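Coordinate-derived values only; no laboratory data. Keep in mind that this is a model prediction, so the values were computed, not measured. No Cβ is skipped: glycine too gets one built from the backbone with ideal geometry, and neighbour counts run over all protein chains shown.
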Amino acid sequence: MALNLQFTPEQRRFRTEVREWMGAHVPKMPLKTLESEAGFAQHRQWERTLASGNWGMITWPREFGGRGANLIDWLIFEEEYYRAAAPLRVNQNGIFLLGPTLMEFGTPAQKARYLPQMAAGEEIWAQAWSEPQSGSDLAALRATAVREGDSYVLRGHKIWSSRAAFADWAFGIFRTDPSAERHRGLSFILVPLRHPGVRVRGIRQIHGEPGFAEIFFEDARVPLDHRLGEEGAGWQIAMATAGFERGLMLRSPARFQMAAQRLVQLWRRCADAADPALVGAVAQAWMDAEAYALNTYRTASRLMAGGTIGVEASLNKIFWSELDLDLHRTAMALLGARAELLPRGDASETDDWLEGFIFSLAGPIYAGTNEIQRNLIAERLLGLPRAQG
Amino acid sequence: MMAAALRELATDLCSSQALRAEFGADHSAAEARWQRLAELGLFGVLAPPDAGGMGLADADFVLLAEEAGRAALPEPLVEQAALAVPLLVELASEPAAAQLLPRLASGEARVAVAHEQNPYASVPPALTHWLLCCTDALILAGAEEVEAIPGRSVDAGRRLAEPRLRPARGRRLADGDGARAAARRLLNRGAVHTAARCLGVAERLLELASAYAKERVQFGRPIGANQAIKHHLASVAVKLEFARAVVYAAVTRVDGDDARTLAAVSHAKLAASAAADLAARTAIQVHGAMGYSWEVDLHFYMKHAWALGGSWGDHNFHARRLQSLLCGGALTLGPDQTFARSAQRDVR
């Protein structure tokens, strides 16, 4: 319970190793946004660079391209990663979501086929779950996977798939039993995106880039062994994946601690002209980033001692997404008249607050909307009754 | 383990009837409560065994403080057991301190603690001593040596007093820098253990509101089936959960004097009291008109939350201190600094 982490000499040595490697390899100039075609390619190259140092996914077993590191090592790695302002992980859907799902539900052959390529940055993954008629209500999905011989024939329309415009593969949920309704009769299937019958169309997001895409499955065939887990078990597997998404790995505390540090620096530059009340919001951003870090270490310790994450994942998701949004709103307020200016693209503009603010607007929406998360907390943690009718 | 024992004891000591009596200006049960707490050894948790205590640490006591908050325990358990006792342990080379320590640990002697950041001291039943943290000295005085101006709290079981030391009375336990350093550590403990009480009362308020939302039926269903109610309560759960780790981390560094310790302590008090405030505000809203009535127990806990918010450093003090540390450059920032400790005092 008491949070008094004193890093061991081994952990301190590891931190130094990461710091030095990042110092030597992180690009000096920021990459283009990974939502653009050129930026995506740059970030893909960065994944290969990380893999060359065996940094692709350190918590995975060595046989799958990892280092067998534990969760505390992971947190240390992320702290140094964000301190170095290293590029974002373009394969995050793969390494943070599909990877753990494969490790829990995949066959040995599937793990061997997909995990090393994922850790090496050779195959970039997108998540194909939402459909035009099923966002929060995922169980209303209609895309089908019909067994024909030794293949599934995929038909349907997925949407809001982040980074699918440029990704290599997608993991999707399809209805394999057309007579079953809602969350029954679904299966989890891996699909290559450059494939006959698969058509990807980028969707421009409010920042101007095709950050997500829709995917049309028009009689695309994939072998049966592309199915992960049992036929009809797709919902349970997806819920496990969703837990990983909201849980420990997706948003490292270091990301927000660095943002809070930059916000404090921004405050110091703007304080003379700023609304004095904003200092409270600046302090709140620092406090919330620290609270998130402390709670993450607390959770990591619990997991390492054999605990599990349940509805805490929903508490987590609300906290970091709202912290991120509030932090960026404060930055925009401090910037004042300058807030609307697009970056001029010169090297001096390392604080792209506008981009961060726009991205933070998505936080309360993806990985399960905060409204859904609050429903889950009320029902599963507090025991309130589900809505009727 | 001890926390579970205190929780069970508290269901009796701080029952609905017991708290209602306090709010009816009947404080006759305070002495019996004090005795029961003493029997459980709670006042000696942080005292060394040779003073009759258990020799445990602040990280152990913080869970007891949380239980005290959960029960809205009126008596100043924290002040006696977690502020005065550790202070006397630190100053045990002073004969007066060494003599009083076992008497405080047993609960036989009863102390009120005053500090600039806690001007309205919480007074135990049958007060025997005052511990005064003055600007340049730490003074131990007998109850008769202090003129105490009583105050009444909205949290009725809290007996308050503002002390005025009678001239040339009391005994100096420390002065100058030594006194100031000891007072800072005492404030660290006061803020963190009070923050723990805030966590406890916040949890209690959330439980009461959740229970009500499941029972109260309107429009043919429990009101808790409505999203608006669910979302109000879920927001409290989030705020409470993320205040916990902050308090549990701060309690491990209450002996510190560096910028990060002061920031961690103020953060703990701010986060926990904000959680308690939100829990109180939400609980009354969920209870509707029932929550606004004297006959429903809810107000006991709300008032306890309100009172704790202002003690051992109010919002103004902790917010200003944290802002100053953050924006003035005393605090080294960065994700690798979360657990950083410094032996030196690096703040003026």
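For segment A:297-373, the equivalent ellipsoid derived from the alpha-carbon gyration tensor has semi-axes of 33, 15, 10 Å in decreasing order. Computed from label points 7 Å out along Cα-Cβ, the spacing between A:Glu63 and B:Arg221 is 4.9 nm. A Förster radius of 35 Å, combined with the Cβ-Cβ distance separating A:Leu361 from B:Glu31, puts the computed FRET efficiency at roughly 0.05. Rg and Dmax, both from the Cα atoms of chain A and both in Å, are 21.3, 72. Comparing B:Ser273, B:Ser16, B:Ser293 in a Gaussian network model of chain B (Cα springs below 10 Å), the most mobile by mean-square fluctuation is B:Ser293. Taking the convex hull of the alpha carbon positions in segment B:78-227 and averaging its projected area over all directions gives 11.4 nm².
The convex hull around the C-alpha trace of segment B:1-56, projected and averaged over every direction, spans 4.1 square nanometres. With a 10 Å cut-off around each Cβ of A:258-268, the average count of Cβ atoms from other chains is 3. Distance from the Cα centroid of segment B:22-40 to that of segment A:47-79 is 57 Å (rounded to whole angstrom). Electrostatic bookkeeping for A:Lys32 treats Lys and Arg as +1 and Asp and Glu as -1; over the other residues with beta carbon under 13 Å from its beta carbon, the sum is -4. Charge tally for A:Glu63 (other residues, Cβ to Cβ under 14 Å; Lys, Arg +1; Asp, Glu -1): +4.
Here is how the number arises for chain A: DSSP H runs of 4 or more residues each give -39500 (n - 2.57), the sum is divided by the residue count, and the result at 222 nm is -14000 deg cm²/dmol. Shielding value for B:323-330 is 4, the average number of Cβ atoms from other chains within 10 Å of each residue's Cβ. For A:Phe171, A:Phe7, B:Phe339, the sequence from fewest to most other C-beta atoms within 10 Å is A:Phe7, B:Phe339, A:Phe171.
Centre-to-centre, using Cα atoms only, segment A:269-326 and segment B:225-244 are separated by 16 Å.
Within the shell of other residues whose beta carbon sits under 11 angstrom from the beta carbon of A:Phe166, the net charge comes to -1, with Lys and Arg scored +1 and Asp and Glu -1. A full extension of the chain between B:Glu147 and B:Gln99 corresponds to an added length of 14.9 nm, given 0.36 nm per residue minus the alpha carbon distance. In a GNM of chain B with a 10 Å cut-off on Cα contacts, which of B:Gly69, B:Gly55, B:Gly41 has the highest mean-square fluctuation? Maximum among the listed residues: B:Gly55. Applied to segment B:52-59, the Karplus parametrisation 6.51 cos²θ - 1.76 cosθ + 1.60 on θ = phi - 60° returns per-residue 3J(HN,Hα) values of x, x, 9, x, 8, 10, 4, 5 Hz, with x for Gly and Pro. Residues whose amide H falls under 5 Å from that of A:Ser161, counting only those 5 or more places apart or on a different chain, are A:Ala213, with hydrogens built in the peptide plane.
For the residues A:Gln127, A:Gln92, A:Gln11, a GNM of chain A with alpha-carbon springs under 10 Å puts the largest fluctuation on A:Gln11.
For segment B:222-230, putting each phi into the Karplus relation 6.51 cos²θ - 1.76 cosθ + 1.60 with θ = phi - 60° gives couplings of x, 5, x, 7, 7, 4, 4, 5, 4 Hz, in residue order, rounded to whole numbers and with x for Gly and Pro.
Working note: Karplus 6.51/-1.76/1.60 with θ = phi - 60° gives segment A:208-220 the couplings x, 9, x, x, 10, 8, 9, 10, 9, 9, 10, 6, 6 Hz, where Gly and Pro are set to x. A DSSP coil position with no more than 14 other Cβ atoms inside 10 Å describes the following trypsin sites (Lys or Arg not before Pro) in segment A:4-87: A:Lys28.
Spacing of the modelled spin labels on B:Arg320 and A:Ala233, each 7 Å from Cα toward Cβ, amounts to 6.2 nm.
Once the C-beta distance of B:Ala168 and B:Glu108 is scaled by a Förster radius of 35 Å, the resulting FRET efficiency is 0.80 to the nearest 0.05. Extents of chain B, largest first, come to 69, 52, 36 Å (Cα atoms, principal axes, whole angstrom). Beta bridges per DSSP, both residues in the protein assembly as shown: antiparallel share near 85 percent. Just name one of B:Ala211, B:Leu40, A:Gly106: the one whose Cα is farthest towards the positive end of the charge dipole of the protein assembly as shown (beta-carbon charges, Lys/Arg +1, Asp/Glu -1). Among B:Ala211, B:Leu40, A:Gly106, the one farthest towards the positive end of the dipole of the protein assembly as shown is A:Gly106.
With a simple spin-label model that places each label point 7 Å from the Cα along the Cα-to-Cβ direction, the separation between B:Met1 and B:Phe23 comes to 3.7 nm. Sorted largest first, the principal axis extents computed over the alpha-carbon atoms of segment B:185-343 equal 61, 30, 24 Å.
The largest-to-smallest principal axis extents of the Cα set in the protein assembly as shown are 94, 62, 51 Å.
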